[in-house]
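Colleague: Starting off with a structure, shown below.
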Amino acid sequence: MAINHQTNQFRRRLIFGGNVVFSVAIVWTIIVLVNLATERLSPDPTDLTRSGQFSISPRTVNLLKDLPNDITITALFRISDEVDEATRSQAELQKRQIDDLLRRYSTISGKVHYKVLDPIRDNAEKTRLIQTLKETYAGEATKHKEVIDEFKKLDPKILTLMDRERNAFKELAENNEKVNNDRNIVAIYYRFTKNYTDAKTAIDDINELVSGEDVPRYSEAVAIIQKLYENVKNDLLAASEYLTGEGQKIEGLSEQTLASFREKPKQYAELSDLIGKQLMLCVDLPKLELEDIYNQLKQKNARTVIVQVDNTPKSKVLSYSDIWQITPSQTGDISKVDYHFNGEAALSSAILALTAKEKSAAIFIHAGGPDPVKPGYSAMRVSQAPYNALKEKLEEANFVVESWDLLRGSTPPEIPDVTRKVYVVVPSVPQKAQPGAPTVGGYKEAEIAIVEKLITDGNRVMFLVNFQPAIMGSPYPFADLFEKKFGVKLEAEKVVLQGIELNDKVTVPNNQVAVSRYNDHEITRPIQSLVSSFIWASPLTIMETLPEGIGVAPLITITPEMGNYWAENNIYMLLQRRHAQKDDDDTPAPFQIAVAVEDSKTKNKCVIFGNELFATDGMANKVDYFMTPQGIGAQYAFPGNLELLTNVAFWLNDNSNLISVGPRKADVVRIKDISDRGLMTWKVFLWGVWPMGALVAGAVVYLFRRR
Amino acid sequence: MNNRVWVLAKRELASFFFSPIAYVVAAVFLAVSGIFFAGEVFRPGHEAQMRDLFDRQAFILVFIVPMLTMRLLAEEFRSGTIESLMTVNVRDYEVIFGKFLGTWLFFAALLVPTLIYAFMVLGYSGWAVDPGPVVGGYLGLLLLGGFYIAVGTLTSSMTRNQVISAVLAFLILSVFTFLLWGVASRLTGNWQTILRTINVYERFMDFSRGLLDLRHIIFFLSVTAGILFVAVKILESRRWR
């Protein structure tokens, strides 16, 4: 019986226990399924903050939801112990901003993983990170190594030539008073001696750079080589030109010496050509990502974000200034600065650049003249590309940037793996190589026809128009095209001016237009708070009757409310006498300086800016310096310029969802000053009186119940 | 709501207010919260927000809630009053939900004195504080508290020893709050994603920042209900063990 009883009890426990396990398993399976379904189907979180601090743009949400690879984001952020309370408080706020943003990203996409590290405290993690990056970037520096190897062969030749030539000039100067007093010969001697010294120390410097630290510094080594090559090449060219030109006029030189001067360019040519070839290789070398990352990592107070695509050699580094834009305080207090959080724009751009399935191209069209996006080496010295900052900005936004000289080919350059193209037509002013020689370059009928065909074929084009009055040469070549195709009237012979009244009688014309309010459009909506600036801009007018199917939307309208603006016609007076006055033949505001054109039938798009200078480095990259509590701060003078142009490129490319978001203004309310006594009183209240109140309430209840 | 659940909840709530231990727990909670508030939030020049306090309170409650829940069923088991409770016409789930609800209401009452912190921040920032994160933070605390109390109810249903119940609850809550959070922040890849998904502190932080995420609300409600379901089954098991 006892055995039966135990068996029954066991069976009962087994059956009931089994039932419980089963029912619990069912319920928890349902819970897991409900949560999984919610993870997938749930709408975006509601942001309860007044400023929309945690609202993520649709651009970022789309980007994160379509990520093809897992991404690891490592934020390095250290708050030094040696800072004052205000700085510490600001740093804590910034750390939270980046932490919050990364968390939002990882919530939106399960493919985003992140870490926030203190580079000093988490040194072991940092070392591991460097090791991983070194493995990831193992093959990155192959071309850099080749350039360095070639330099090691070329350097003895440079040393030999520079040493031989400086000694020759020294000897000549010692034997000839005229030569000794010739400033140019002295300058050549000095430059050759400097090149000799630099070439001598370069090998040691380069060896130190490539073997001295945790991460070899190939980019920095190549930069040293490039600098030396540029100096040597430029000096050889300058010396050749002088010795065969003005140098032949030095008095008192023997015919033999003058003949040797004339022979110099031939002696220099071989080395100069070799250097030229190596220079071209140097120019094409990108800055190595690994070095960039390492430079950021080794900083004691590193505040940087590294975005890595898992299992691929792709990563990007965002610096502190990419994430927080510092501007002078709007309160006018020079001891304070405002920090605008640009984390979402910076991070999303980095992720986009690393993961985008499709690559787009931005092709800068010109007709002769210097290349708009590549530096030139053809002349005496290295010339910087005028649109270099725009090129870098577009590359950050995942565009491949190329140039197309219409005088060299009537078909666009072949760019592999590119699915969409945007063309940027920049001005090309006809130039004369020498006085009296025929003009070269500039858009003529054939080139205009190529551009017109591009538009007819449905390509997306952005025009940057230069101010081109009749007194300065031929009129702007595409003005007729704008009227015929888009219904936009361009007055490139007029310039937009603002009259600034000094007193009742004197009005000074200002040719710079600062814009902080734009027309409401997909392109301009996200940058409404950013300042952009235009100089020597020409007015555009949308015609009353547009071609069939064409719609023109203003992007920037100059209105009378913005100030005393007009488009000046009398350019002669303006240029010669620096005087301008609003009169009948001028165009009064309102008018546009930027418009977006859409063809509803062909779905074709085009954007016209009545200005080109705003897109060049001089304006787009202009930096203002100002004082901050920590020292001198720097900010882009016109941050809207490049953002506007990038947004236009996205819009033309039908990638409006990638249009960047502007930085967020730090909207922080702070606790006001409290006296030490007041603070102590509150502490006593919070730590003692208030908790004691709970105990007193308990005692009262206890006594009440006892009664 | 089921009348018997409500009656049991009121009875449980009253027992908290009549119990000296609840006032001691409340005093400890307010004292520790006050220390964090005065030390980390209520500083001149500091950002006027309650978020830092809410985040600390999520940790403090890992210690506080087990002290509230330890006696819920363990005491009934120890004193034998559970048998008389079971003989009256109440179902096991009504007992569990009634006790849970009563404790949760007491927990909500425990949060009321902390509103003074919100008013202090408001007053000393010129009444310019963003109310969204404050409302979100309190909502998050109520949901997080519900989860903590459910875990405490579960552990209390598993033993007749209050100390074991409290320690067990503390350990489970520590895993879901501290441990997973700490480990997840060191990992990357899918493990990080999984640990972050089940880490309650990570989810709570969104509320304290002012983000109302339906996923978190569903998570807290469903997991709390699931834990209470297990507690009901454990209580039921007394009948057939």
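Colleague: Would you be able to tell me the number of residues in the stretch A:576-617 that are assigned to a helix (DSSP H, G or I) and touching a residue at least 24 places away in the same chain (Cβ under 8 Å)?
Modeller: Selection size over the stretch A:576-617: 4.
Colleague: May I pose another question? Out of A:Ile148, A:Ile203, A:Ile185, which single residue is β-branched (Val, Ile, Thr), over 18 Å from A:Gln267 (Cα atoms), in contact (Cβ under 8 Å) with a residue 60 or more places away in the chain and surrounded by 15 or more Cβ atoms within 10 Å (Cβ to Cβ)?
Modeller: A:Ile148
Colleague: Go through the stretch B:121-137 residue by residue and tally those that are out of contact with any strand residue (DSSP E or B) (no Cβ under 8 Å at 6 or more places or on another chain), surrounded by 20 or more Cβ atoms within 10 Å (Cβ to Cβ) and in a helix (DSSP H, G or I).
Modeller: 4
Colleague: Out of all the residues in the stretch A:119-132, is one or more small (Gly, Ala, Ser), away from chain B (no Cβ under 14 Å) and over 20 Å from A:Thr312 (Cα atoms)? Let's see the steps before the verdict.
Modeller: Within the stretch A:119-132, the subset small (Gly, Ala, Ser) is A:124.
Okay, now just the ones that are also away from chain B (no Cβ under 14 Å), so none.
Checked against the condition, which is being small (Gly, Ala, Ser), away from chain B (no Cβ under 14 Å) and over 20 Å from A:Thr312 (Cα atoms), the stretch A:119-132 yields no hits at all.
Colleague: Taking B:Arg160, is it in contact (Cβ under 8 Å) with a residue 24 or more places away in the chain, more than 11 Å from every other protein chain (Cβ to nearest Cβ) and either closer than 30 Å to A:Arg128 by Cα or basic (Lys, Arg) (or both)?
Modeller: yes
Colleague: Would a scan of the stretch A:90-97 turn up a residue that is without any contact (Cβ under 8 Å) to a residue 12 or more places away in the chain and closer than 21 Å to A:Tyr339 by Cα?
Modeller: Checked against the condition, which is being without any contact (Cβ under 8 Å) to a residue 12 or more places away in the chain and closer than 21 Å to A:Tyr339 by Cα, the stretch A:90-97 yields at least one hit.
Colleague: Just for the stretch A:543-584: of the residues that are surrounded by fewer than 16 Cβ atoms within 10 Å (Cβ to Cβ) and of a type in the set (A, V, I, L, M, F, W, C), which one is farthest from A:Ala596 (Cα to Cα)?
Modeller: Checking each candidate, the answer is A:Met573.
Colleague: Okay, next question. Take the residues in the stretch A:45-67 that are outside any helix (DSSP H, G or I) and of a type in the set (A, V, I, L, M), then tell me which one is farthest from the other protein chains (Cβ to nearest Cβ).
Modeller: Here the residue is A:Leu67.
Colleague: So is B:Leu228 of a type outside the set (Asp, Glu) and at the interface with another protein chain (Cβ under 7 Å from one of its Cβ atoms) or not?
Modeller: On the way: of a type outside the set (Asp, Glu): yes; at the interface with another protein chain (Cβ under 7 Å from one of its Cβ atoms): no.
Against the criterion (of a type outside the set (Asp, Glu) and at the interface with another protein chain (Cβ under 7 Å from one of its Cβ atoms)), B:Leu228 does not qualify.
Colleague: Still on this model: Against the definition (within 9 Å of chain A (Cβ to nearest Cβ), on the phi > 0 side of the Ramachandran plot and modelled with pLDDT under 90), how does B:Gly39 come out, yes or no?
Modeller: no
Colleague: Among the numbered conditions (1) more than 13 Å from chain B (Cβ to nearest Cβ); (2) crowded, with 17+ Cβ neighbours inside 10 Å, tell me where A:Asp70 comes up short.
Modeller: In the conditions (1) more than 13 Å from chain B (Cβ to nearest Cβ); (2) crowded, with 17+ Cβ neighbours inside 10 Å, A:Asp70 misses (1) alone.
Colleague: All but one of (1) basic (Lys, Arg); (2) modelled with pLDDT of 80 or more; (3) in a helix (DSSP H, G or I) hold for A:Arg88, so report the exception by its number.
Modeller: (2)
Colleague: Right, here's the next one. Any chance you could count how many residues in the stretch B:172-222 are facing chain A (nearest Cβ under 10 Å) and not in a helix (DSSP H, G or I)?
Modeller: 6
Residues are listed down the side, and each one gets a yes or a no for (1) under 26 Å from B:Pro66 (Cβ atoms); (2) touching an Asp or Glu at 6+ places or on another chain (Cβ under 9 Å):
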position: B:Ile96; (1), (2): yes, no
position: B:Gly102; (1), (2): yes, yes
position: B:Phe106; (1), (2): yes, yes
position: B:Thr114; (1), (2): yes, no
position: B:Tyr117; (1), (2): yes, no
position: B:Gly123; (1), (2): no, no
position: B:Ala128; (1), (2): no, no
position: B:Gly132; (1), (2): no, yes
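Colleague: Go through the stretch B:1-36 and give me each residue that's of a type in the set (D, E, K, R) and modelled with pLDDT under 90.
Modeller: B:Arg4
The values are calculated or read from the model by the stated rules, or taken from the named source; none is laboratory data. Keep in mind the model is a prediction, meaning the values are calculated, not measured. Backbone-built Cβ (ideal geometry, glycine too); neighbour counts: all protein chains shown.
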